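Below: one structure, written as structure tokens.
The values are calculated or read from the model by the stated rules, or taken from the named source; none is laboratory data. Predicted model, so just to flag it, every value in this text is computed and none were measured. Don't worry about glycine lacking a Cβ; one is built from the backbone with ideal geometry, like all the others, and counts go over all protein chains shown.
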Amino acid sequence: MTTLGRTDVQPVIRVRDLTMAYGDVDVLRGIDLDIHRGEVFALLGPNGAGKTTTVEILEGFRQRSGGEVSVLGTDPERGGDAWRARIGLVLQSWRDHRRWRVAELLTHFAAYYPDPRDPAELLTLVGLTDQGGRQVDRLSGGQRRRLDVALGIVGRPELLFLDEPTTGFDPQARHEFHVLVEQLARDEGVTVLLTTHDLAEAERLADGIAMLVGGRIRACGTPAELARRAAAQAEVRWTADDGTPRRERTEEPSRLVWELHRHADGPIADLEVRRPTLEDTYLHMVHGEADGTDGAAGTYRDADEKAPAA
Amino acid sequence: MTNRTNSWRAGLQRGGIELRHLLRNGKEMSGHLTNVVVALLVAAYVGDDVPGTRTPMTHLVLAGFAAYLLFQVGLINLPQILVTEREEGTLLRLRATPGGIPAYLVAKCLLVVVLAVGTLALLLGAGALLADGPLPHGPGDWLTLLWVTALGLLAVVPLGAAIGAVLPNPREALALIMLPTMGLLLTSGTVFPITALPVPVQQVAAVFPLKWMAQGLRSALLPDSARTAEAAGSWELPMVALVLTAWTVLGFLLAVPLLRRAARRESGSRLTARHRKAAQSGAPVA
């Protein structure tokens, strides 16, 4: 699905028709993914879209209902310790090892891996050198999360999972975190799969984005491709003769406007042509899902009007 | 093979670090020390001899508390640690680490054994010094002390692990296990002769390991003449071994699948919690 032109090598993550159901509830309804070595891939979607479920299946923490999954060439349900050692995880809600000191904890977790990073260098990499002797529960939220990242990469993983990595960060901490992830991918060739509900974060970090809404992937590609696709259908708005506001989506806005003019034989009231941004498309998909309609099928309704009050 | 040695090494390292944290944690240490102090105070307070013998009551009480403190390490301290670490995500992190779960178990065993043996040594040592408490006489008694302690721990530790694997959260956990444990403390003949209790109560208490742990420790710590005060008029050591072994087997049968399930379900419960949190804070969907 990610059209990065690297079909010659086996992808790091390969998913075909992945489904997941809890009882009668379908959480994932047939997901396909290919994520290649060294790629930063964002799984973007609102809360409850199935991101965490997808990632937990890939991490081997959850049994899928159906479909094929291969992570680093292995089915996660059968991944042993050797497989685990090649994967790093940074989850949302870790509050563990509160009493441990930062450097002590990193040094301890290095002991589980065959070729670990040097804990001191790792502290420098995540910017926690000054906090090495501090107790874990005295760290700030951002520092704690960077420690989680350090623990996630202490074993030199080939693949790193980041689950909502910057939730609750201030802008500065978020920026520093983004730089760190870019560095890992660029300098060390780590493949990164991150989940987020923040489009800006996905655009900033990811080489590939899959938009997951309602258990389906609604769009997938590079940020540039997605933006181009989003802009392909322009929206034309105007006010009709009887005073009702009208809107229409078309690939040829110029032709529509031309025909409107010919039809009206004069100026058109409140005429406006908009090229939707990626954000418009994303919000539209999300709201379409909230309304119970299939946003991707082109039954375009105005997100602003239809969105239920928060 | 190297994986296995690595897990052992990591587990022992982990256990050592956790012990150091425990020793440094004033609140938790004072909790453990308070238990010992209370036991010593109660033992020093009781006068007289055990009825029908010339063994001071103090000795019976100290032997009983020794058994109770072992019992407590396995059935209160251990489940509390497990529930807390489950909730904080320690178990999940180790699950995500190669060889992490075996290392975790090694570390917890080390922690529990050191905690139990340390408490026992402190109680008996301080008891002997300050309250003229009992100590084993001769190698036979020491051997009995050793095997009753070991088997007693084996009987309660897997059981405690199983409890820690199913209890919902640290707040409720304590309330749920405290009451039955205190009940057993009073009905198992630990702090006064069991024969003072009605026979049905004795029979119920005899199902649980605490009565047998206390009886085994009395046989190691009290003079042989004191056995006339036992319900059966003897120490019943084969019965002690049998009951404790039965609890060990039962404990392992329960603990292994329950711990597996707890480790497996870790992410599941987390997901629900997260969803609930998301719903409460007004997810961006709406």
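Residue-by-condition table, conditions (1) free of Cβ contacts under 8 Å to residues at least 60 places away in the same chain; (2) over 27 Å from the mean Cα position of the chain (by Cα); (3) assigned to a loop (DSSP other than H, G, I, E, B):
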site	(1), (2), (3)
A:Leu193	no, no, no
A:Ile209	no, no, no
A:Ala224	yes, no, no
A:Ala230	yes, no, no
A:Asp241	yes, yes, yes
A:Arg246	yes, yes, no
Counting only residues that are surrounded by fewer than 19 Cβ atoms within 10 Å (Cβ to Cβ) and within 14 Å of chain B (Cβ to nearest Cβ), the stretch A:112-128 contains a total of 3
The stretch A:251-303, residues that are touching a strand residue (DSSP E or B) at 6+ places or on another chain (Cβ under 7 Å), at pLDDT 80 or above and either hydrophobic (A, V, I, L, M, F, W, C) or exposed (fewer than 15 other Cβ atoms within 10 Å of the Cβ) (or both)
A:Leu256, A:Val257, A:Leu260, A:Ile268, A:Ala269, A:Asp270, A:Leu271, A:Glu272, A:Val273, A:Arg274, A:Arg275
Restricting the stretch A:37-62 to residues that are within 12 Å of the chain's Cα centre (by Cα) and facing chain B (nearest Cβ under 10 Å), which is nearest to A:Arg84 (Cα to Cα)?
A:Val55
Tell me whether the stretch A:211-222 contains one or more residues that are part of a helix (DSSP H, G or I), within 17 Å of the chain's Cα centre (by Cα) and farther than 18 Å from A:Thr277 by Cα.
no
Scan the stretch B:232-254 and tell me whether some residue there is without any contact (Cβ under 8 Å) to a residue 40 or more places away in the chain, crowded, with 18+ Cβ neighbours inside 10 Å and not in a helix (DSSP H, G or I).
yes
Please go through the stretch B:77-104 and give me each residue that is hydrophobic (A, V, I, L, M, F, W, C) and within 14 Å of chain A (Cβ to nearest Cβ), ordered by number.
B:Ile81, B:Leu82, B:Val83, B:Leu91, B:Leu92, B:Leu94, B:Ala96, B:Ile101, B:Ala103
Just wondering, is there one or more residues in the stretch A:85-92 that are under 17 Å from B:Gly89 (Cα atoms), out of contact with any strand residue (DSSP E or B) (no Cβ under 8 Å at 6 or more places or on another chain), within 13 Å of chain B (Cβ to nearest Cβ) and surrounded by fewer than 21 Cβ atoms within 10 Å (Cβ to Cβ)?
no
Would you confirm, using the coordinates I've provided, whether A:Asp34 is more than 9 Å from chain B (Cβ to nearest Cβ), part of a strand (DSSP E or B), buried (at least 16 other Cβ atoms within 10 Å of the Cβ) and free of Cβ contacts under 8 Å to residues at least 40 places away in the same chain?
yes
Considering only residues that are among the charged types (D, E, K, R) and in contact (Cβ under 8 Å) with a residue 12 or more places away in the chain, which ones fall in the stretch A:156-187?
A:Arg156, A:Glu158, A:Asp163, A:Glu164, A:Asp170, A:Arg174, A:Glu176, A:Glu182
